[in-house]
Amino acid sequence: MTPSTAYIDMEFAGIYGTRQSMQIPVEIGIVIHNPEKDMLSFTGRAFSFDIDVELWKNVMDDVGKRIEGRRRVFNLDHPEHSFQFDPKFHLGVKGRSEARRAITVVEKDLREFMKALNREDISTLVFFARRREVETLKTSRVNTEGFLIRDLQEEIKAEYHLKEHVSLDRVSLVTGFSITKSTVGSVHFSYSIPERFRYLIKPHKAIGDAARMFLVDREFHQYPEEFGERLNYHLTLYEHRKQAESSAQDEENGLIRPKTM
């Protein structure tokens, strides 16, 4: 029997009042691929504690370039309710002590959640920019010995001799990532989504990003030449967009004069 591969993503938030110096996992999403049946299974967890956090989400344009960042402040016990950010608010000694307790509790919950994966026949753990997740698993005392640990972002950079890493948002554009009411897909692949997970399969949700990672991996390894061509085309578009926006900004700031006929 061929072992399965688990694609893992975590979302993090800064604890409100610490200027992002204290971070806490808010959710984990895992997509498990069974290679013999070519089927996916989904699992995840949102972590809970009575503490306020601030979560940043990047807004991208059509080539995956960051336009702006949006901050949402909410209580981890009641994530459906947001409230206004106060830049003057800072946690005191008591608040920071409670924040450390919140992190300890969430790390314990993460450890218990990961233990459940022992029932699955998994040999490989795949991350995208793995440092943060791997460090969190380590501090949560999750045992990853015996697993092959992969970093998909690093593999793509090395394979195509890129000067810098490419974000998951951008490589998802390269793969043609798409979502319907019942499926998640890319240029060459399509997989059904269990009904209870369909509302979670979206970019920047942990399970949604784990699904994006899986499809990037499939396209990258099953169609490497085509993936490379699409990646190079994307990089060209991205650089042209950056240069055009930089020139427009320089013109606006009076650093260059507009061309005249």
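The values are calculated or read from the model by the stated rules, or taken from the named source; none is laboratory data. In this text, all values refer to a predicted model and were calculated from it rather than measured experimentally. Methodologically, a virtual Cβ is constructed for each residue, glycine included, from the backbone with ideal geometry; neighbour enumeration extends over all protein chains shown.
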Pull up region 157-199, narrow it to residues that are basic (Lys, Arg) and in contact (Cβ under 8 Å) with a residue 12 or more places away in the chain, then point me to the one that is nearest to residue 213 (Cα to Cα). 170
Can you tell me which of (1) touching a residue at least 60 places away in the same chain (Cβ under 8 Å); (2) assigned to a helix (DSSP H, G or I) is the one residue 123 doesn't meet? (2)
Log entry, pairs with first residue in region 213-234 being under 16 Å from residue 185 (Cα atoms) and outside any helix (DSSP H, G or I), second being modelled with pLDDT of 95 or more and not hydrophobic (A, V, I, L, M, F, W, C), beta carbons closer than 8 Å, six or more apart or on different chains, reads 223/188
Got a number for residues in region 178-212 being more than 23 Å from residue 45 (Cβ to Cβ) and either in a helix (DSSP H, G or I) or of a type in the set (A, V, I, L, M, F, W, C) (or both)? 2
Exactly one condition in (1) of a type in the set (S, T, N, Q); (2) touching a residue at least 60 places away in the same chain (Cβ under 8 Å); (3) in a loop (DSSP other than H, G, I, E, B) is false for residue 136; which is it? (3)
Across region 214-235, what is the total count of residues that are touching a Lys or Arg at 6+ places or on another chain (Cβ under 8 Å) and among the charged types (D, E, K, R)? 0
Residue under question is residue 154, and the condition is that it be farther than 22 Å from residue 23 by Cα, assigned to a loop (DSSP other than H, G, I, E, B) and without any contact (Cβ under 8 Å) to a residue 60 or more places away in the chain; does it hold? no
Scope region 95-106; condition more than 15 Å from residue 53 (Cβ to Cβ) and either modelled with pLDDT under 95 or surrounded by 12 or more Cβ atoms within 10 Å (Cβ to Cβ) (or both); matching residues: 104
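Need at least 1 residues that are out of contact with any helix residue (DSSP H, G or I) (no Cβ under 6 Å at 6 or more places or on another chain) and among the acidic types (Asp, Glu) per element, so show me which strands (runs of 3 or more DSSP E) inside region 17-110 make the cut, counting only ones lying wholly within it.
Because the criterion is at least 1 residues that are out of contact with any helix residue (DSSP H, G or I) (no Cβ under 6 Å at 6 or more places or on another chain) and among the acidic types (Asp, Glu), the strands (runs of 3 or more DSSP E) in region 17-110 that meet it are 52-60, 66-75, 78-83.
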Report, ordered by the first and then the second residue, all pairs with beta carbons closer than 6 Å, sequence separation of six or more or different chains, a first member in region 39-55 that is surrounded by fewer than 16 Cβ atoms within 10 Å (Cβ to Cβ), and a second member that is not charged (D, E, K, R). 41/32
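Taking residue 125, is it surrounded by 15 or more Cβ atoms within 10 Å (Cβ to Cβ), of a type outside the set (Val, Ile, Thr) and either closer than 19 Å to residue 44 by Cα or at pLDDT below 95 (or both)?
yes
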